[in-house]
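Participant: Handing you a structure now.
The values are calculated or read from the model by the stated rules, or taken from the named source; none is laboratory data. Fair warning: this is a prediction, and the values are worked out from it, not measured in the lab. Positions of Cβ are generated from backbone atoms using ideal geometry, with glycine treated the same way; all protein chains shown enter the neighbour counts.
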Amino acid sequence: MYPNKTEIMEYQPREIERKWKAYWEEHKVYKVTHQSDKPKFYVLDMFPYPSGAGLHVGHPLGYVASDIYARYKRMSGFNVLHPMGYDAFGLPAEQYAISTGVHPAKSTAENIQRYREQMDNLGFSYDWDREVQTSDPSYYKWTQWIFAELFAHYYDVDQNKARSISDLTVAFAQAGSAGVNAYHSYEGQFSAAEWNAMSAVQKDEVLMNYRLAYRKASYVNWCEALGTVLANDEVKDGVSERGGYPVERRAMLQWSLRITAYAERLLNDLNDIDWSDAMKRMQGNWIGRSEGAQMFFDIANSEAKIEIFTTRPDTIFGATYMVLAPEHDLVPGLITPEQAAQVEEYLHYVKSRTERERMAEVKEVTGCFLGSYAINPFTNENIPIWIGEYVLKDYGTGAIMAVPSDDDRDDAFARKFGLKIVDVVDKSKYPGSTRHDKEGIIINSGFLNGLEVPAAIEEMLQRIEKMGLGKRRVNYKLRDALFSRQRYWGEPFPIQYDQEGVSHALDTAQLPLELPEVEDFKPSSVGSPLARAADWVNLPNGFKRETDTMPGSAGSSWYFLRYMDPHNGQEFASQEAVNYWREVDLYIGGTEHAVGHLMYSRMWHKFLYDKGLVPSKEPFKKLINQGMIQGVVESVFLQKEKVNGQSRFICHSMLAEEEAKGLSFSKIPVLVDYVTDYGLPSSHLDAAGVQKFIEWRPDYQNAIFEGPEAIFQNGTVTAKPGKSGVLQLVTLSEVGKMSKSMFNVINPDDVVEQYGADCFRMYEMFLGPIEQAKPWDTKGISGVYNFLRRFWALFYDKTLTNFKVSDEAPSKAEYKILHTAIKKIKEDIERYSFNTCVSAFMIAVNDLQKANCNKREVLDALTRLMAPFAPHQAEELWHLLGHDGSVHHADFPVLNEAFLVEDVIEYPVQINGKLRTTAPFPADAQPQTLEKAVMEIEAVQKWTEGKEIKKIIVVPKRMINIVVVG
RNA sequence: GCCGGAGUGGCGGAAUUGGUAGACGCGCUGGAUUCAAAAUCCAGUAUUGGCAACGAUGUGUGGGUUCGAGUCCCACCUCCGGUACCA
C-alpha cells in the first residue's frame, strides 16, 4: 500500500521558496555595511532599464551568475556588496508619454515595481536597502554635481590630470594661452593682455574650448515633419521610423564631454584590468590611437589653410587631391561660382545620409569638386579640393590629403572621378603586402626615393617640423561624447545663462535642479520640451536655464559608486565608504555595452580619481560579458493586397507556391503564446490560436486564414475540397532579439510558477557558458527539475515519508564523490563556468544515489555547496539537518585532496596518434617502465607487427603514443 | 564597410595548458514496474560497415604546422553584438 499522498515529502519548491524568502527579508540576511573586519568583495550587475515589457528570461542570466558568485564569496569569508537598481531615465518612457499622456515618472515607477517583483521571485541576495534609481532627484543631484565639476575643470597635459578652471584663468591672466599646457580645442593663441581685455562673453567662449564639459555645435538627426531630433535607432533608411518622414543632419549648439582628454589613460590603463582580450581590443580600437603628422596645406588664392592629419606623411608626393568633410567650416569659402549649383545639390544629398550609411557605403563612392585648389607643399602642384561623404567632420580634422595609390578609398574615389594617381610606394619586394601595411620602397618622391617606408615616415616628419608645415601628433579615433538631448525624461543640466549668454553652473546647495512639470512631452518649436516650462526656464534675475537634458549614459556612468553609500545627502558617497569598497571586483553585463557605457564610466571614474575622491584608477576590475538570450520570432504571412476587401493570411508552407503566382506577402510577428509547438519547425497556429490572434489584433477579425487543408474566417473552419479540414498555419520561426516589438518575451515568472526559482536559476546556468548567446528554450528544464528532486530524495527514505540521514562515517568512495564535486564546483565557480558546475552536481547526486548514501557529513557539505545555486532548497535542507541560522552564512566546504588520490590510471594507448586501446598502469609508474610495459599489450603488438618503432611518447598520467613507420 | 565574438550528435552543450571528441542534460529506442497510464528505475543512443570482435569517417569549408589539432597558423563561408542619440 502506498502512503497517503499528503504524507509524502516530495520536493515542493513553491512552499519552500515562499517560506525562505520571507525569512531572509525578516532577518535581513543580505544586509551589508562597510564596518567589517572581513575583506571586501563587490559584485555588480549592469542595472536594467525598466521597460514596459517587464523583465524577460534573458535579464536574469547575468543576475543569477553574479548572485551565485556573490553567495560563494560570502560563504568564503568575504564581506560582499551586491546591490541592484534601475537605469530609469530613457527614451521609451518618453515615447510612451507622448503617445499616451502618462507621465514618464508614473510609467517608470510602475515598471520598476514590476521588475522588483520579478527579481524578488528569483531569490537574489541583493541588499535592497541600497537600491538606486537614476531618475530620483536625490540620485541625480549627484549626477548634476559631477557634471558641474566637469564643467569647472580642464585637463592639464603636464600633470596628466584634471584641474580647476580657476587655475587656468589665473595662468591666462599671467601668461596668456602659452601659460599652460592644457588639452583644448581653441584655435590660435592669446597673450595675458589679450585675455585680460576680453569681455565675459569672450572669456566664456574661450573657456568652452578647455572645459571637460563644454558646449559646441554638433550634428543631430533633425526631422522637420516631427519637429524633433531623432535617435539613430529611430531612423531607418534615411527616414523616420515612425511616419517615414525625411531626416537631415543639422548642427545645433550642444553639450559635450571632453573624453578625448583621457584617451591615453583610457588606453593604457586597460593593461591593469582583468577584462577579456576581446573587450580590451574593442575598447582599444574604439579609442583608435595613431601616430602621424598634423600639417597644413595652403590654398591657392586664399589666406586660409587646410589642416589635415596623416599617419603616412611618406606618401605626400602622391597626394593628388584633398577631400574635406561636407560640413567642414572652410567649405563655403572654397566653392567657386561654376561649381556652386553642383555643390549645393551634393550637400543636400549628404544631409539626408546618416553617419552610419556614410561609413558603411563603400561600393558607391560619392563626392563633389569645390572648384578651388590647394597646394601640395612638396610637389608644389595645385591639387583639387573635393568634398566627399566618406570624410567625417568629427574624425580627426575633418579633412584628408588623398593618396589614391596608397589608400583603398582614395583610390576608388580617384578612379570614379578621374583624378590623377601617382605611385609612391613600390611593394614589389613585399609580395602579399596590402595598402594597410607600412612596407615598401618610396618612389616618385624626390628626396625620399629609395627609402623604406618606416624610414621615409621619420624623414618626412623631421622635414615637416623643420619647414614649419606641421608637427608630429597623436590622433585618436575616439570623439568627444555628445551629451545633450532635446528630451524631457533626463537629468536637467545644472547650467544657467546670464543676460549676455555666459554659462554658469549651479552650486551644490542649489542641487538637485528638478525636472519641471510640463503638460506636454512633445518636442517644442525650440527643440527641447523643457523650453515650454517658461516659469522654470526664465529666472527672476533674468537668467535662463539650459533646456536640454542629459543622455541615458549620464546616470549610469557613476551608479556603482552610489551603491557604496546610497542615502548620503552631503556627498555622492562618503570617503569612508568609498575607501572601503574601492572598486567593483566583478562586473557582469552584456557585450552591447562594450564601448559606450564602459568607456564613459571609466572616464567619470578617472575624473573623480583626479579630484582625489575615489582611490582606484579603474572602476571595474574584472568584467564578464554575458551572452544575450535570444527569442524565437514566430510570423505568419499577410497578403499585401486584400482579397474581396478582406485581409488574407497564409501558412508558411504555402508561401513559395503563392509567391510563384505573383502575389506578395509581408511577415507579421505573432504573440508566441498563441503558437503551438513554439520554437520548433512544426510551430503553427491552430483554430484556437487563430481565434486568440484575432482577439489580440481586432483589425484582422474578419480576415481569411488559409492553411493547406482548411480555411478559417469569422470563427468558422471550412475544409478545402477533398482535404481533412484540419486548420494548421505553420509559422516561420527565426532566432532574434527577445523584445516586446517581436512579441516573443518570455516572463521568468511563468517558468518559476511551474518549476520554482531554484530550478529556473540552475537551468539558466545549465543552458551553456555565460558568455555565449543562445536562444531560449525550455526543452531541457525537466532534467534540472529531476535533479533537484533526486537531490532532495537523498535526505529521505525510499517512500519519501521520513527525513532520514545517517550519522555513520562516510566510506572512502563516498568521500571521493563529495570531494570530486567540491573541487570541480569551486574551480568552476572561480572561472565563471556555471554550466559545468550544474553537471558536476548531477554527477555527484547520481553517484550518491547509486551508492545509497545518506551520510550526514556528505549531505551537510553538499547542501552548503548547493546553497549559491539553489538558495531556497539548500536553506530548507539546512534547517531539516538541524542547523539554526541561514545556510548562506555557513562556510563553503573545504576541499581535501587526499580523498582524490588515484592508485591506478587507465592510460589511452595510441599508435601514430590514433587511439587503439587503453591499459591500466600504476599512477606512479615511470615513463621507461611504461614504454616497456605498453609493448606487452596484445593490441599494441597487433598494430606494430612488422613495423619500425620510431619512438614512444609518454605523457605521465595522460597518455602513451607509439610512433611507427612502414 | 569597420571592430569584436561564435560555429562540435536529432537538440543545449563538455573537453581548463596541443594529449581518450561527444561529460552532463533533453529527446529517442528497448526493457522493468502497472489492469492501464503518469511517475520512477535499468540498458542503449555521433555517422557508417559488420551477428560480433573490430574497422573506417567525424568538431562550418579549404589548406598548413605537429608523434598527436575541436584547441595553434593561413584563407574563406554563415550567424550574432557594436558602430558614437535604444538601453
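Participant: Criterion first (in contact with a strand residue (DSSP E or B) (Cβ under 8 Å, 6 or more places away or on another chain), touching a residue at least 60 places away in the same chain (Cβ under 8 Å) and within 30 Å of residue A:581 (Cβ to Cβ)) does residue A:90 satisfy it?
Facilitator: Considered against the rule, which asks whether it is in contact with a strand residue (DSSP E or B) (Cβ under 8 Å, 6 or more places away or on another chain), touching a residue at least 60 places away in the same chain (Cβ under 8 Å) and within 30 Å of residue A:581 (Cβ to Cβ), residue A:90 comes out as no.
Participant: Conditions: (1) outside any loop (DSSP other than H, G, I, E, B); (2) more than 16 Å from RNA strand B (Cβ to nearest atom). Residue A:377 meets all but one. Number of the miss?
Facilitator: If we test residue A:377 against (1) outside any loop (DSSP other than H, G, I, E, B); (2) more than 16 Å from RNA strand B (Cβ to nearest atom), just (1) comes out false.
Participant: Inside region A:253-307, can you point out the residues that are of a type in the set (S, T, N, Q) and within 11 Å of RNA strand B (Cβ to nearest atom)?
Facilitator: A:254, A:256, A:260, A:276, A:283, A:285
Participant: Go through the residues of region A:45-62 one by one and say whether even a single one is within 16 Å of RNA strand B (Cβ to nearest atom), within 30 Å of residue A:631 (Cβ to Cβ), among the charged types (D, E, K, R) and buried (at least 21 other Cβ atoms within 10 Å of the Cβ).
Facilitator: Yes; the residues of region A:45-62 include at least one that is within 16 Å of RNA strand B (Cβ to nearest atom), within 30 Å of residue A:631 (Cβ to Cβ), among the charged types (D, E, K, R) and buried (at least 21 other Cβ atoms within 10 Å of the Cβ).
Participant: Something else about it: Can you pull out the residues in region A:560-607 that are among the charged types (D, E, K, R) and surrounded by fewer than 20 Cβ atoms within 10 Å (Cβ to Cβ)?
Facilitator: Scanning region A:560-607 gives A:571, A:576, A:582, A:592.
Participant: Would you mention how many residues in region A:179-237 are surrounded by 20 or more Cβ atoms within 10 Å (Cβ to Cβ) and in contact with a Pro (Cβ under 7 Å, 6 or more places away or on another chain)?
Facilitator: 1
Conditions (1) away from RNA strand B (no atom under 16 Å from the Cβ); (2) on the phi < 0 side of the Ramachandran plot; (3) in a loop (DSSP other than H, G, I, E, B); (4) modelled with pLDDT under 80, marked per residue:
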residue: A:599; (1), (2), (3), (4): no, yes, no, no
residue: A:605; (1), (2), (3), (4): yes, yes, no, no
residue: A:614; (1), (2), (3), (4): yes, yes, yes, no
residue: A:621; (1), (2), (3), (4): yes, yes, no, no
residue: A:625; (1), (2), (3), (4): no, yes, no, no
residue: A:636; (1), (2), (3), (4): yes, yes, no, no
residue: A:658; (1), (2), (3), (4): yes, yes, no, no
residue: A:679; (1), (2), (3), (4): no, no, yes, yes
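Participant: Between a first residue in region A:836-855 that is assigned by TED's automatic domain parsing to the domain that holds residue A:766 and under 14 Å from residue A:819 (Cβ atoms) and a second residue that is more than 6 Å from RNA strand B (Cβ to nearest atom) and among the hydroxyl-bearing types (Ser, Thr, Tyr), which pairs have beta carbons less than 6 Å apart while being 6 or more apart in sequence or on different chains?
Facilitator: Partner pairs satisfying both residue conditions: A:855/A:806.
Each row is one residue, and each column tells you yes or no for (1) closer than 26 Å to residue A:359 by Cα; (2) at pLDDT 95 or above; (3) not β-branched (Val, Ile, Thr).
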site	(1), (2), (3)
A:180	no, no, no
A:208	no, yes, yes
A:212	no, yes, yes
A:219	yes, no, yes
A:236	yes, no, yes
A:246	yes, no, yes
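Participant: Kindly provide the set of residues from region A:844-903 that are among the basic types (Lys, Arg) and under 23 Å from residue A:832 (Cβ atoms), ordered by number.
Facilitator: A:864
Participant: May I ask you to list the residues in region A:294-335 that are closer than 10 Å to residue A:400 by Cα, among the polar types (S, T, N, Q) and in a loop (DSSP other than H, G, I, E, B)?
Facilitator: none
Participant: Anything in region A:460-488 that is within 16 Å of RNA strand B (Cβ to nearest atom) and either assigned to a strand (DSSP E or B) or over 22 Å from the mean Cα position of the chain (by Cα) (or both)? List them, or say none.
Facilitator: Result: A:474, A:475, A:476, A:481, A:482, A:485, A:486, A:487, A:488.
Participant: What about residue A:560, is it within 16 Å of RNA strand B (Cβ to nearest atom), assigned by TED's automatic domain parsing to the domain that holds residue A:99 and under 24 Å from residue A:257 (Cα atoms)?
Facilitator: Spelling it out, residue A:560 is indeed within 16 Å of RNA strand B (Cβ to nearest atom), assigned by TED's automatic domain parsing to the domain that holds residue A:99 and under 24 Å from residue A:257 (Cα atoms).
Participant: Between residues in region A:477-495 that are within 30 Å of residue A:399 (Cα to Cα) and residues that are of a type in the set (D, E, K, R) and more than 6 Å from RNA strand B (Cβ to nearest atom), which pairs lie under 7 Å by C-beta distance while being six or more apart or on different chains?
Facilitator: A:479/A:394; A:480/A:258; A:484/A:548; A:485/A:548; A:486/A:548
Participant: Something else now. Identify, from the list A:17, A:25, the residue that is crowded, with 20+ Cβ neighbours inside 10 Å, part of a helix (DSSP H, G or I), of a type in the set (Asp, Glu) and modelled with pLDDT of 90 or more.
Facilitator: A:17
Participant: Hey, another quick one. Of the conditions (1) of a type in the set (S, T, N, Q); (2) assigned to a loop (DSSP other than H, G, I, E, B); (3) more than 16 Å from residue A:57 (Cα to Cα), residue A:733 clears all except one; give me its number.
Facilitator: (2)
Participant: Another question, if that's okay. All but one of (1) out of contact with any helix residue (DSSP H, G or I) (no Cβ under 7 Å at 6 or more places or on another chain); (2) more than 26 Å from residue A:897 (Cβ to Cβ); (3) not charged (D, E, K, R) hold for residue A:766, so report the exception by its number.
Facilitator: Only one criterion is unmet by residue A:766, namely (1).
Participant: What residue, among those in region A:921-966 that are closer than 16 Å to residue A:902 by Cβ and of a type in the set (Lys, Arg), is farthest from the chain's Cα centre (by Cα)?
Facilitator: Out of the qualifying residues, it is A:957.
Participant: Taking only region A:772-781 into account, find how many residues are part of a loop (DSSP other than H, G, I, E, B), in contact (Cβ under 8 Å) with a residue 60 or more places away in the chain and either aliphatic (A, V, I, L, M) or within 7 Å of RNA strand B (Cβ to nearest atom) (or both).
Facilitator: Residues flagged as part of a loop (DSSP other than H, G, I, E, B), in contact (Cβ under 8 Å) with a residue 60 or more places away in the chain and either aliphatic (A, V, I, L, M) or within 7 Å of RNA strand B (Cβ to nearest atom) (or both) within region A:772-781 amount to 3.
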